1. Of all residues in the range B:130-161, how many are loosely packed, with under 13 Cβ neighbours inside 10 Å and not in a helix (DSSP H, G or I)?
2. I'm checking my understanding of the structure. Among residues of the range B:241-268 that are among the small types (G, A, S) and not in a helix (DSSP H, G or I), which one is modelled with the highest pLDDT?
3. Please state which of the following conditions B:G164 fails to meet, knowing it meets all the rest: (1) surrounded by fewer than 21 Cβ atoms within 10 Å (Cβ to Cβ); (2) in contact with a helix residue (DSSP H, G or I) (Cβ under 7 Å, 6 or more places away or on another chain); (3) not hydroxyl-bearing (S, T, Y).
4. Any residue at all in the range A:74-82 that's over 27 Å from B:V146 (Cα atoms) and more than 14 Å from chain B (Cβ to nearest Cβ)?
5. Among the residues of the range A:86-131, write down those that are within 14 Å of chain B (Cβ to nearest Cβ) and of a type in the set (G, A, S).
6. Determine whether B:G374 is on the phi > 0 side of the Ramachandran plot, in contact with a Phe, Trp or Tyr (Cβ under 7 Å, 6 or more places away or on another chain) and either crowded, with 22+ Cβ neighbours inside 10 Å or away from every other protein chain (no Cβ under 14 Å) (or both).
7. Looking at (1) more than 8 Å from chain B (Cβ to nearest Cβ); (2) in contact with a Lys or Arg (Cβ under 8 Å, 6 or more places away or on another chain), which is the only condition A:S58 fails?
8. Out of the residues in the range B:194-227 that are of a type in the set (A, V, I, L, M) and out of contact with any strand residue (DSSP E or B) (no Cβ under 6 Å at 6 or more places or on another chain), which is farthest from the other protein chains (Cβ to nearest Cβ)?
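The values are calculated or read from the model by the stated rules, or taken from the named source; none is laboratory data. No experiment lies behind these values; they were computed from the predicted model shown. Virtual Cβ from ideal backbone geometry, glycine too; neighbours counted across all protein chains shown.
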Amino acid sequence: MEEPASAAKRISYFFIVIVFVLLALSFISLYQAVETYMKYKTADFTTLVLSVGAITLSAYLLMQMRKQPMKLGFEPLKVFTTVQCSNCDFKNTREFQNGDFVLKKAEACPKCNTPTFVSSIYREATEEEKK
Amino acid sequence: MISETLSSLGQSLGQGNDILGLIIQVSWLGFFVAYMFYGQRLQIKIMLKEIESSLFKLQLIRDRGRIMAISTIKEISKTNDDLEARVDRLLEHLYIPPVELDPSGIIKRLEHIVDVREFRFKDEVKLMIPHADETQVNNLAFMLDVVLELNQLYKLVRHFYLSGKKTSSFYIILQLQMILPEIMKESEAYASALTTFKAGQPIGDGIGALVAARLMNGKENREIARDVVVSEVPIEGRTVYVLKAKGPGGNGGKPGEAIRQILEEKEGKIARIVIIDAAQKLEGEKPGEVMEGTGVAIGGPGVDKFKVEEVAAKYKIPLGIVLIKEGVGDVISAMRKEISDSVDEVILRIRRIIRETTKEGDLVIIAGIGNTMGIAQ
């Protein structure tokens, strides 16, 4: 097997530099547009639109870079175990514990003292799955 | 105010600025000509970039899976002897199906190869952890099988990616890009399966086994075929042979062989065979939906399906199926509540089928198919 991939998310430093240069130039350009307006009372709309657009684009790119590491599917799921009495209607649901399996004998029923058993083990669907 | 604004905008882009207009027109024309000649290349570059990012994710999943399998084995075996090299060797394990040029006897040959492969995986786990119990061996063998699948998927995608890049073939890259979402969905399901297999929790595929386990709860059972147990359960005045794979370790067993065995024992005097299994849902269907039908619902390479079809045809026994619908991601991840909750409805349907299609005193077979991980008997 070849070397395992090391980083959870690769970000190119060259790309980061480009974004910051773009951001700096946009602010300079915006400053010049504002200064021109203050001096001559004439708005330079082309510069204004281009610099605001470039600032928005750079901000979007920076936000994309700050995104959470990608989900790979290894995230632990919330799994529950239902314990049921074989004699009365007692039922109890708790978090899954290592070693649980369906039909495993469990503790005595608090209502009638008969041994209980694991009747089901399940997980709740995630919001994404429910869509 | 508005008119002032518009007039200043007009001045900026206005008629006086002829050179700017010319530059825009020439660049537009240049862009159009360049796109005509290099458009497809540009598209290939964009597609390759997308595939590259999926390939990177696939590599991360494969590597994380490998590390998880190795650490689980280390945890149980408590040694470091040559484990990584052994696991890596297993991950490159190849399976070559039997020759199809002469189809006669192919099922027997296929069964032999599938059995040898399964034993090889279990033997490797036993060599790494000599003191492991049956449940641990089965679960770890399944874990290794999943990592092997991830490795194969990764290598296949990488092969087509590199081939497409080397030849700049639009069609190779296009085909890969089209199937990539399905491959990614499948690989994420495998990743989720590893966490589930490590904990030994029941998976969606085990719903058939779960129904059988509920029916056999509290009854004596015996091993009728390799890794398959059967119980005699009285239901609606009939004697029902309920069978499932032997749990709670991950196991599919040989249900086809078990059904054949019961039929031969009873000389074909069985009124009906009902098979319960998970089935892939279509988009729009709900997970846990229950459906009925006719035929043999047993997945895998087809050996067990063939055996049941053959023996049922020999003794002319009606075959019924009860299917529980679930998505691709649900099959090998921890069982969803909706799927687990369908057990009661399946049992009601089984009772109704038995009442309507058989007479009192008849013998019936109910087979709960699927991986019985986390489900005992």
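1. 3
2. Residue satisfying both the conditions and the ranking: B:A245.
3. (1)
4. Looking for residues that are over 27 Å from B:V146 (Cα atoms) and more than 14 Å from chain B (Cβ to nearest Cβ), one finds none in the range A:74-82, hence no.
5. The answer is A:S86, A:G99, A:A106, A:S119, A:S120, A:A125.
6. In short, yes.
7. Of everything listed in (1) more than 8 Å from chain B (Cβ to nearest Cβ); (2) in contact with a Lys or Arg (Cβ under 8 Å, 6 or more places away or on another chain), A:S58 misses just condition (2).
8. Out of the qualifying residues, it is B:A225.
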